[in-house]
Every structure is written in C-alpha cells, then in structure tokens.
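The values are calculated or read from the model by the stated rules, or taken from the named source; none is laboratory data. Computed from a predicted structure; not experimentally measured. Counting neighbours? That spans all protein chains shown, and the Cβs are built from the backbone with ideal geometry, glycine included. These accessible areas exclude ligands, DNA and RNA; they are computed on the full protein's heavy atoms, side chains included. Shrake-Rupley method; radii C 1.70, N 1.55, O 1.52, S 1.80 Å.
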Amino acid sequence: MEKPKKPVRSASGVTPLTVVLKPRKCNHGTCIYCPGGDFVPQSYTDKSPAIMRALDLKFDPYEQVQARLKVLKKMGHPTDKIEIIVLGGTFLQYDLDYQYDFIKSCFDSLNGKKSNNLEEAKKINETAENRCVALCIENRPDNCSDEEIKRMLEFGCTRVEIGVQLPDDEIYKKINRGHTVQDVVDATKRLKNAGFKVGYHFMPGLPYSNPEKDLKLFRMLFDKEDFRPDQLKIYPCQIVEDSPLAKMYEKIGYKSYSTEQMKKLLSEMFPIIPNYCRIMRIMREIPKEKMLTEPMKLDLRNIIEENLKKQGVEIKEIRLREIGFNKENSLNEDLKLKTTKYKASNGTEYFLEVVNEKDVLFGLLRLRIFDGKAIIRELHVYGQNLNLGEKGEISQHRGFGKWLMQEAEKIVSSEGIKFLKVISGVGVREYYKKLGYELDEDRIYVVKKLD
Ligand code: SF4
C-alpha cells in the first residue's frame, strides 16, 4: 500500500481560517502583559500578519473569509473542510448584534451568498462547497455562563480556548486578570458538559512567578480533575510595547525568561502532558520590533521535541504522535483501538484512539459521561487534507471514524444510557446523518437513540 504523502499544510485534515474581530477593550481593563492597542484587537499588535490583513479589510468578516479562501485555493489547499477561528478580544463581550452578524457573515462568506439569518446560513453550509467543520472562539473563563454557552452553541462553535495563564488567585490579582481560579474550574466543567473541546492558554514566566511555581501549576492542570484540558497553547510571558508591563517592569524588577530558561522549563513540562492532550502551539509570534526584551526563539518546540527524543524521554501528547507528523509509518500496519478512561470536572472521559504498535495516532474520539448523560466532544480522524469525496489511502477515508463511533456507542449502551449526543460542526452534520444521527429539536447537537 502507498505511504501517505507529505502533509501539505494541515496534517490534521482541516484547514484553519482565522477571522479577526474589530478592536474593543475588555470589560475588566487590561491584563498587564496585553499590548491592548486602540486600533487593533486588544491582545494583538498591528504588526501581526493576520491583524494586518484584517486591518486592510476594515475587520469585515465576510471580506476576510473571502480573501483567505482565495489565497488558500491559489496555494492549492483544500477548502472543503474549514475551521473558522474567531480571534481578537473577548468575543462574548461584544455587542450581541455584532456577535450574531459576525458569525452569520462568516457562514455567508463560506456559502458564497448572503442569507436572511444565522440559522439559514448554517443550514446552507451543511451541504456547501466550503463547509465549516469546526469553529473556535477565544474566550475568558468568566464569560462561560450557561447563557453564554448556549449562544456559542447557537453560533456552531465546537471548540473554546480560555485564557488560564497561571491558575493562582494571587497572581491573577497582581496581573489584573479580573477572574479567579474558581472561574476556570466552573468554565471548564460547563464547557465540557456542553460538549466543547476545551483549550487552555498557559503563560509561564509571568511576573510574581518563577520556573518552580510555573511547573507546579502546570502539573496541577493534569493532577487535578477540575482542569485536564484537551489542548494547550503555551505562550511564555514577554514584554510587549504598549502593555502595562512595559511601563512597570523596571519598577517591579521583572525580567522575562531567557531562551535557555524556557527550554529547561519546557523540557520538564512536556513529559507531564498526558496522551489525551494536544499541544497546539508554543510561543506567540510577536514581531521583534514590538518586544522590549530579547525575544525568545520561535522554534523552541522543535528543539525541545528533538532533545527529548534523543534522550529517549517518552512524549505522550497528541500532536507529536499524529500520522501526519510520522510520515515514515505506513497505513498497512496493525491498528488497534486504545481506550483511556479518566475523571474530569465531575464526569468520566473516555478517550479512544486508533493507534499502531508505535502509538502513532490515526484517529481519536472524546466521549464524556456525566449525570447519566453521554456526549461526544470530538471525533477526529487524521491524515492528509483531502477534498471531500476524493479517494485516498489515508485514514480520513478508511472508516476509522465509524469504528470509533461504534466503540463509543457500545460504551454508552453498557452504561445503560439510551441517547448519545454529538457536538457537530455544521459542515459535519451530513456525515453523522449517515451514521443514524439526527439534528435535535434545538438544531444544535446531532443525537441517536441507542438500542
Ligand atoms: S483578557 Fe485577553 S484581550 Fe483582554 S486584556 Fe486580558 S489578555 Fe488582553
């Protein structure tokens, strides 16, 4: 059998498309490390490429999606499976009309035509050429109330990233985060119960911390069942021009970590990460001219991974095990289904993986059982990003999704639960219909009654 080709852009099979919000200040003020500009979204600088593109288009979401689609197509990237990433300030704090218009415009743009309302736009997208298979919103832990979660579901959101930084109330106060650790715990639970995939932003090297404290707090994220995120972005704190920190760092005697310090800390953090968590990104791309201190190396991740591999340290996190990053592995190896069961936020998580004997990952599913209910929070089959319907020798088209779903249904039935819900990107509803799932009456989840 032919080996999978080198992944073009998205080794996880979905093409990300970032849409930037118009500038707006956060309600609580400004976290001290945040650049907080007036003309660009608060947590970004006007020199970031995505922000510069959005500025040119006056932050119009319809135009931003059109422009990106055009570029992606020109570069030969498939656009049939898109993940919309809403980026900028705290979206859930914007004016309600703006929120609804923004999301509707993203769908309209993917559909290539304007609709009358969000529901209609989503319906058209179910069978559109450019389908929205996932939608991610960056958010704050204190903007995850039941009502806000309902709204995110209505938007077709499937993944929420929350800024957790360093989960410590003293540090939160000193860096003006404006929320508590309890907010993180509550948000995590509510988001997981609603079926979202939950990503945390973690920020080592903040003022009033040190590498030992960072490591202790990082360990806590996985030791305590209150946290246990599905994904992580690790953004070391740096002093960025115009941030409150830029004005006070000398006074408080603050220094950001050196590349060497960060390397050491990351090498200690990596082996802690369990197999159910994916490291999405390390380091934030902040233009050099915007930094007040020596910028850290951007390719830290590769350096750490290579070093740990050489030392024979086992890394369990998802990304490094994905087939897209393990090109030397062919598909005709013996594959098995592995189940990891763990407690999280007062529920039980079943993390199912299709792996080969080297633990290379071909697909995964997250099933959550809580309060006598069952919900699938993620189904992901890895491989090259092929167009829908295109035949290929890769995992996305080899029935791994069905295999994982059947296994999840078995687990749910054995728990005596009659209904299985799935949070589905709008553009994936058709797939679930083929597996016997139907859109529920609120038009949010797809559901199946199990025998
Ligand atoms: S919540 Fe995010 S965008 Fe708002 S001030 Fe803090 S870092 Fe900046």
Being farther than 15 Å from Gly425 by Cβ and of a type in the set (A, V, I, L, M) is the filter here; which residues of the stretch 94-117 pass it? Leu96
Being open to solvent by less than 80 Å² (accessible area, probe 1.4 Å), over 24 Å from Asn210 (Cα atoms) and touching a Leu at 6+ places or on another chain (Cβ under 8 Å): is that true of Thr339 here? yes
If we ask which residues in the stretch 1-31 are in a loop (DSSP other than H, G, I, E, B), away from the ligand (no atom under 16 Å from the Cβ) and either open to solvent by 20 Å² or more (accessible area, probe 1.4 Å) or at pLDDT 85 or above (or both), their number turns out to be 11
Quickly run through the stretch 332-371 and pick out the residues that are polar (S, T, N, Q), in contact (Cβ under 8 Å) with a residue 40 or more places away in the chain and either touching a Lys or Arg at 6+ places or on another chain (Cβ under 9 Å) or outside the structural domain of Ser413 (by TED's automatic domain parsing) (or both). Ser345, Asn346
Could you check Ile162 against (1) outside any helix (DSSP H, G or I); (2) in contact (Cβ under 8 Å) with a residue 60 or more places away in the chain and say which number it fails? (2)
When every residue in the stretch 70-90 that is open to solvent by 10 Å² or more (accessible area, probe 1.4 Å) and assigned to a helix (DSSP H, G or I) is compared, the one nearest to the ligand (Cβ to nearest atom) is Val71
Out of the residues in the stretch 378-411 that are open to solvent by 70 Å² or more (accessible area, probe 1.4 Å) and modelled with pLDDT of 90 or more, state the one that is nearest to Lys433 (Cα to Cα). Lys402
Residues of the stretch 127-170 being within 27 Å of His77 (Cβ to Cβ), open to solvent by 10 Å² or more (accessible area, probe 1.4 Å) and either within 13 Å of the ligand (Cβ to nearest atom) or not assigned by TED's automatic domain parsing to the domain that holds Pro229 (or both), which ones? Glu138
Specify the residue that is surrounded by the most Cβ atoms within 10 Å (Cβ to Cβ); the eligible residues are those in the stretch 237-257 that are part of a loop (DSSP other than H, G, I, E, B) and of a type in the set (Val, Ile, Thr). Ile239
What number goes with the only condition from (1) at pLDDT 95 or above; (2) crowded, with 21+ Cβ neighbours inside 10 Å; (3) hydroxyl-bearing (Ser, Thr, Tyr) that Ser414 does not pass? (2)
If I filter the stretch 88-105 for residues that are acidic (Asp, Glu) and farther than 29 Å from Lys150 by Cβ, do I get at least one hit? no
Examine the stretch 292-299 for a residue that is without any contact (Cβ under 8 Å) to a residue 60 or more places away in the chain, open to solvent by less than 30 Å² (accessible area, probe 1.4 Å) and out of contact with any His (no Cβ under 8 Å at 6 or more places or on another chain), and state whether such a residue exists. no
Examine the stretch 262-269 for a residue that is in contact with a helix residue (DSSP H, G or I) (Cβ under 8 Å, 6 or more places away or on another chain) and more than 28 Å from Phe227 (Cβ to Cβ), and state whether such a residue exists. no
Selection count, the stretch 196-236, where residues are more than 23 Å from Glu138 (Cβ to Cβ) and not in a helix (DSSP H, G or I): 4
What is the residue count in the stretch 43-63 for residues that are in a helix (DSSP H, G or I) and either touching a helix residue (DSSP H, G or I) at 6+ places or on another chain (Cβ under 6 Å) or hydrophobic (A, V, I, L, M, F, W, C) (or both)? 7
Condition test on Lys122, is it open to solvent by 40 Å² or more (accessible area, probe 1.4 Å) and either modelled with pLDDT of 95 or more or part of a helix (DSSP H, G or I) (or both)? no
If Ile375 passes every condition in (1) crowded, with 17+ Cβ neighbours inside 10 Å; (2) at pLDDT below 90; (3) of a type in the set (Val, Ile, Thr) but one, which one does it miss? (2)
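Per-residue answers, yes or no, for (1) of a type in the set (S, T, N, Q); (2) under 25 Å from Phe107 (Cβ atoms); (3) assigned by TED's automatic domain parsing to the domain that holds Gly195:
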site	(1), (2), (3)
Phe400	no, no, no
Glu409	no, no, no
Ser414	yes, no, no
Ser424	yes, yes, no
Arg429	no, yes, no
Tyr432	no, yes, no
Tyr437	no, yes, no
Glu441	no, yes, no
Ile444	no, yes, no
So which residues in the stretch 180-204 are of a type outside the set (A, V, I, L, M), buried (at least 19 other Cβ atoms within 10 Å of the Cβ) and closer than 28 Å to Ile252 by Cα, if there are any at all? Asp183, Tyr200, His201, Phe202, Pro204
Considering only residues of the stretch 97-117 that are without any contact (Cβ under 8 Å) to a residue 40 or more places away in the chain and crowded, with 21+ Cβ neighbours inside 10 Å, which is nearest to Arg68 (Cα to Cα)? Asn111
Name the single residue that is farthest from the ligand (Cβ to nearest atom) among those in the stretch 32-57 being farther than 16 Å from Arg284 by Cα and in contact (Cβ under 8 Å) with a residue 12 or more places away in the chain. Arg53
